[in-house]
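Q: I'd like to ask some things about the structure below.
Please treat every number below as a calculation from the coordinates, not as lab data. Just so it is clear, the model here is predicted, and its values are computed rather than measured. We place every Cβ from the backbone using ideal geometry, glycine too, and count neighbours over all the protein chains shown.
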Amino acid sequence: MDTKKRLVPCLAAIALAFAVSTAVAAPPPAPQEPAAKSLPTWEQLSPEQRELLIGPLRERWNAAPGERVRMLEHARRWRDLPPDERERARRGARRFEQMSPEQRERARAIFHQTRHMSEEQRRDFMQRWERMTPAQRSEWLRTHPAPAHP
């Protein structure tokens with residue numbers, strides 16, 4: 001009987017230790033829509049949380065006075081985007097972040113070259129791009145470099 005009294009707390013301690021170690025070792029779950037909805041509204045954020053979110057923007061704003069007009073216009077365009085277009089932009093930004101530096105430069109060059117084209121012209125360009133050999137693409141990129149970026 002005395003052994004049982006000691007065994008139960010030991011088993012409970014082992015189970016608790018296992019539960020804690022798996023909770024700590026497990027990677028955090030990927031952000032999902034329900035979790036995002038459970039986060040507080042802006043008004044419910046603490047001043048420290050608000051500062052954490054705003055700080056980087058304040059630094060960019062103060063560090064680049066020449067970019068302020070562009071930043072403000074970007075914010076206005078973002079505000080006016082429909083939700084599906086915002087999501088499309090977010091997906092593109094995530095895809096861009098995962099690219100290698102070479103892929104990013106290529107994407108910048110193509111974007112710069114095609115940004116003012118009509119949808120049909122852009123489609124034609126991309127079809128020509130797909131038909132190019134790697135050497136032809138390299139030559140195109142050499143003659144149409146991406147503009148310098150900050």
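Q: Mind listing whichever residues of segment 129-146 are exposed (fewer than 11 other Cβ atoms within 10 Å of the Cβ) and under 28 Å from the mean Cα position of the chain (by Cα)? Step through it out loud before you land on a result.
A: Of the residues in segment 129-146, the ones exposed (fewer than 11 other Cβ atoms within 10 Å of the Cβ) are 130-131, 133-135, 142-143.
Listed by number, the list holds a single entry, Glu130.
Q: Would you confirm whether any residue within segment 91-106 is free of Cβ contacts under 8 Å to residues at least 60 places away in the same chain, farther than 27 Å from Ser138 by Cβ and of a type outside the set (Lys, Arg)?
A: No, the conditions are met nowhere in segment 91-106.
Q: Applying the selection to segment 101-122, what residues are among the charged types (D, E, K, R) and exposed (fewer than 12 other Cβ atoms within 10 Å of the Cβ)? Quick ask: steps written out before the conclusion?
A: Looking only at segment 101-122, we keep the residues that are among the charged types (D, E, K, R), and these are 102, 104-106, 108, 115, 119-120, 122.
Glu102, Arg115, Glu119, Glu120 - these are the residues of segment 101-122 that are among the charged types (D, E, K, R) and exposed (fewer than 12 other Cβ atoms within 10 Å of the Cβ).
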